[in-house]
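Input: a single structure, listed below in C-alpha cells.
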Amino acid sequence: MHVVHDGSREASPLLLIHGSGASGECWRPMVPALAGHHHVIRVDLPGCGQSPPASSYDVTVQAGKVAALLDDLGLRSVAVAGHSGGGYVGTALAEQRPDLVGSLALISTGPRMDALFPQPLILRVLLGPPFGRILWSRRSDAMIRGGIKSTTARAVDIPDDLVAEMRGTTYGAFRGVLRENGAYLTARSVPERLSALGVPLLVIFGAADPRWNPASARLYEAVPGARVEMLPGVGHIPMIEAPEETTRLLLGFTTGSGLGWTGDVGRDTA
C-alpha cells in the first residue's frame, strides 16, 4: 500500500484510513494540525489512489494488510480514524488485532445497511451497467468533483490533488469495495461488533449527511463508553467540509487534551 507519513516519528501514532474510492489525500486539510501532535500515517487502500488493485476487497482482507503495515512499522496501540468505509477497515482491524488499536474514531461510517440512502445519480451512472466501466475510464475531473460534491452539504473547493488521486481508483476496486462493505454490514452491524471489543470510540457524523441517515449515528450510543458528535450543516465529508471542527474533536479524543469537547459542537441530534 502507498503510505504517507507526517509529523515526528517519535510522536504517538495516528492511522488515517480513507473512505470507499478515495485516498489518503482526503485528510490533507486536517494533517498540519494533527501532525503537530501525532505521527500521522495515511494509507491508500488497495486499488485506490496510488496503491495497486488487489484480488480481494473483503473488509477483513484489507484490515489484514493494514495490520501487516503496522507490524512492519513496529507499532502497537495506535489511534485509528476511519472515514466512511475506512471505518469498517478500522473496525475489522480492531476485531482481528486488538493489540494494534488503542482507540477508534469513525467519521461518517454508516452503522448498518438500512441506514444507507440511495446512491447519488452521478454515482449510479458511473457504476451501473451496461456502460459504467466505459464511463468510469473516461470520467473527467469535473465528473470526479461532481461525484464528491454530491455527498457534501456545504459548498466546498475540492483540492486538485484529491481529484488526481481519485483518478487512480479503478472501477473494479470501487465496485468491489462497495460490495464487500455491504457484506460486512449485513453480517453484523458496526455497533454490535464494537460493543464486544471495549475499544475507546468516538463517532463523528454530519447532521446533513446525504449518504447515511444522520439519525442512525445514535445507534453507536449502544457501544459502552462511546461518544457521538454531530456536526450541524455538514454532509458526508467532514474532513473537507468542516476540517477545523473535525480536527478539534479528533485531537480532543486522541490526546486527552479536552480540545473540541466544549461549546455547542455535537449538540445537534439531527
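The values are calculated or read from the model by the stated rules, or taken from the named source; none is laboratory data. On a predicted model such as this, the values are computed, not experimentally measured, just so you know. Neighbour counts are summed over all protein chains in view; Cβ atoms, including those assigned to glycine, are modelled from backbone coordinates with ideal geometry.
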Review point. Looking at (1) in contact (Cβ under 8 Å) with a residue 40 or more places away in the chain; (2) at negative phi, which is the one condition that is false for Gly64?
Key: (1)
Exercise for review: Determine the pairs where a residue that is closer than 27 Å to Gly147 by Cβ and touching a residue at least 24 places away in the same chain (Cβ under 8 Å), located within segment 4-20, has a partner that is outside any loop (DSSP other than H, G, I, E, B) and among the charged types (D, E, K, R) with Cβ atoms under 6 Å apart, the partner being 6 or more residues away or on another chain.
Suggested key: Val4/Arg42; Leu16/Arg42
Review point. Within segment 55-70, restricting attention to residues that are out of contact with any helix residue (DSSP H, G or I) (no Cβ under 7 Å at 6 or more places or on another chain) and either polar (S, T, N, Q) or buried (at least 20 other Cβ atoms within 10 Å of the Cβ) (or both), which residue is nearest to Arg179 (Cα to Cα)?
Key: Ser56
Exercise for review: Please indicate, with yes or no, whether at least one residue in segment 171-183 is at pLDDT 95 or above, surrounded by fewer than 20 Cβ atoms within 10 Å (Cβ to Cβ), at negative phi and hydroxyl-bearing (Ser, Thr, Tyr).
Suggested key: no
Review point. Is it true that Leu197 is closer than 19 Å to His236 by Cα, among the hydrophobic types (A, V, I, L, M, F, W, C), surrounded by fewer than 19 Cβ atoms within 10 Å (Cβ to Cβ) and out of contact with any strand residue (DSSP E or B) (no Cβ under 8 Å at 6 or more places or on another chain)?
Key: no
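Just to verify a result, which residue in segment 224-265, among those that are touching an Asp or Glu at 6+ places or on another chain (Cβ under 8 Å) and surrounded by 21 or more Cβ atoms within 10 Å (Cβ to Cβ), is modelled with the lowest pLDDT? Show your work before the answer.
Going residue by residue through segment 224-265, those that are touching an Asp or Glu at 6+ places or on another chain (Cβ under 8 Å) are 228, 230-232, 234-236, 238, 249, 260, 265.
Of the ones still in play, those that are also surrounded by 21 or more Cβ atoms within 10 Å (Cβ to Cβ) are 230-231, 234-236, 238, 249, 260.
Values: Met230: 98, Leu231: 98, Val234: 98, Gly235: 97, His236: 97, Pro238: 98, Leu249: 97, Gly260: 41.
The extreme case among them is Gly260.
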Check your understanding: (1) touching a Lys or Arg at 6+ places or on another chain (Cβ under 9 Å); (2) under 25 Å from Leu219 (Cα atoms); (3) not aliphatic (A, V, I, L, M): which one isn't true of Arg28, the others all being true?
Key -> (2)
Review point. Would you call Glu165 of a type in the set (Asp, Glu), closer than 26 Å to Ile144 by Cβ, at pLDDT below 95 and in contact with a helix residue (DSSP H, G or I) (Cβ under 6 Å, 6 or more places away or on another chain)?
Key: yes
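Just for helices (runs of 4 or more DSSP H) wholly inside segment 78-194: which have at least 3 residues that are under 30 Å from Gly225 (Cβ atoms)? Quick ask: steps written out before the conclusion?
Values: elements: 86-96, 121-127, 132-137, 141-149, 160-167, 171-187.
It comes to 86-96, 171-187.
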Review point. Mind checking which residues of segment 202-222 are in contact (Cβ under 8 Å) with a residue 40 or more places away in the chain, part of a helix (DSSP H, G or I) and either surrounded by fewer than 17 Cβ atoms within 10 Å (Cβ to Cβ) or not aliphatic (A, V, I, L, M) (or both)?
Key: Pro214, Ala215, Ser216, Arg218, Tyr220
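Quickly run through segment 21-55 and pick out the residues that are without any contact (Cβ under 8 Å) to a residue 40 or more places away in the chain and in a loop (DSSP other than H, G, I, E, B). Show your work before the answer.
The initial filter retains those residues of segment 21-55 that are without any contact (Cβ under 8 Å) to a residue 40 or more places away in the chain, namely 31-32, 35-36, 39-42, 52, 55.
Correct list: Gly36, Pro52, Ser55.
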Revision key, fill the gap. Pairing a residue in segment 72-101 that is in contact (Cβ under 8 Å) with a residue 60 or more places away in the chain with any residue that is assigned to a helix (DSSP H, G or I) and among the charged types (D, E, K, R), where Cβ atoms lie under 8 Å and the two sit 6 or more apart in sequence or on different chains, gives Thr91/Arg193; Glu95/Arg193
Practice item. Evaluate segment 120-137: report whether one residue or more is hydroxyl-bearing (Ser, Thr, Tyr), within 30 Å of Ser195 (Cβ to Cβ) and either surrounded by fewer than 16 Cβ atoms within 10 Å (Cβ to Cβ) or within 19 Å of the chain's Cα centre (by Cα) (or both). Key: no
Review point. Residue check: is Val199 touching a helix residue (DSSP H, G or I) at 6+ places or on another chain (Cβ under 6 Å), in a loop (DSSP other than H, G, I, E, B) and at pLDDT below 95?
Key: no
Check your understanding: Can you tell me which residues in segment 144-170 are surrounded by fewer than 16 Cβ atoms within 10 Å (Cβ to Cβ) and among the hydrophobic types (A, V, I, L, M, F, W, C)?
Key -> Ala155, Ala164
